[in-house]
Amino acid sequence: MTYTSSTVRVPDVAAVPRHIAIIMDGNGRWATQRRLPRVAGHTRGVDAVRVEPLAQRLAITKGSFYWHFRDRPALLTALLEEWEKAATLAIIDEVEAGGGGASARLLRLFLLTLDADPRLERQLRAWAAGDPAAAAIVERVDRRRLRYLRGLFADLGFSSPEARTRAHLVYYSALGEITLGIRASRAARLRAARLIHAMVVRR
């Protein structure tokens, strides 16, 4: 679910082998052109992520590809791990960096994910339904997100069972909207986020 970007210093081109990051950048451009998160370029369909077509389209050799990725499963794992970092770990870091009490952090979490494109999450979960390796990473993401939510509710003073229930209510409600493809206007989603926040923090 990341929807922020960062600026990194690019090293001397002469010191960087040509194949490093070219595949990621090519798919990133594909996503950017379609107004999608960059990682969506890597998940538009697992069948589309094939070594030979990627190499041909990007004018690199298959050997260059395998210098960086052991095989196709390694590439797919790298894509999932990138999503895990961008859509979970980076979001949590940003929420925590804003400071404030648990209620303020929970609201910030809701607002940060407000503009997330649900198509990416649906595609990844559809992929995981038929791929045990992908499923393991998606399950890890779910556990991390739920653990963070439980911690926020615990910080608000709720007992462990109450914190767990509220975390599940918030998270599974969000996943339900993603699965069903519900997409109201931004104004409506903003009102809903604030109302849900007020409801779940109330004792």
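Consider the stretch 93-137. How many of its residues are farther than 30 Å from Arg203 by Cα, under 15 Å from the mean Cα position of the chain (by Cα) and in a loop (DSSP other than H, G, I, E, B)?
The qualifying residues number 1.
Being surrounded by 16 or more Cβ atoms within 10 Å (Cβ to Cβ) and charged (D, E, K, R) narrows it down to one residue among Asp155, Asp131; which is it?
When all the criteria are applied, what remains is Asp131.
Within the stretch 101-113, does at least one residue satisfy the condition of being out of contact with any Asp or Glu (no Cβ under 8 Å at 6 or more places or on another chain), modelled with pLDDT under 95 and among the aromatic types (Phe, Trp, Tyr)?
no
How many of the residues in the stretch 85-105 are touching a Lys or Arg at 6+ places or on another chain (Cβ under 7 Å), surrounded by 17 or more Cβ atoms within 10 Å (Cβ to Cβ) and over 14 Å from Gly151 (Cα atoms)?
Matching residues across the stretch 85-105 total 1.
Return the total of residues in the stretch 70-84 being in a helix (DSSP H, G or I), loosely packed, with under 15 Cβ neighbours inside 10 Å and not aliphatic (A, V, I, L, M).
So the answer is 2.
The values are calculated or read from the model by the stated rules, or taken from the named source; none is laboratory data. Predicted model only: the values in this text are computed from it and were never measured. Ideal geometry is used to build each Cβ from the backbone, glycine not excepted, and the neighbour counts take in all protein chains shown.
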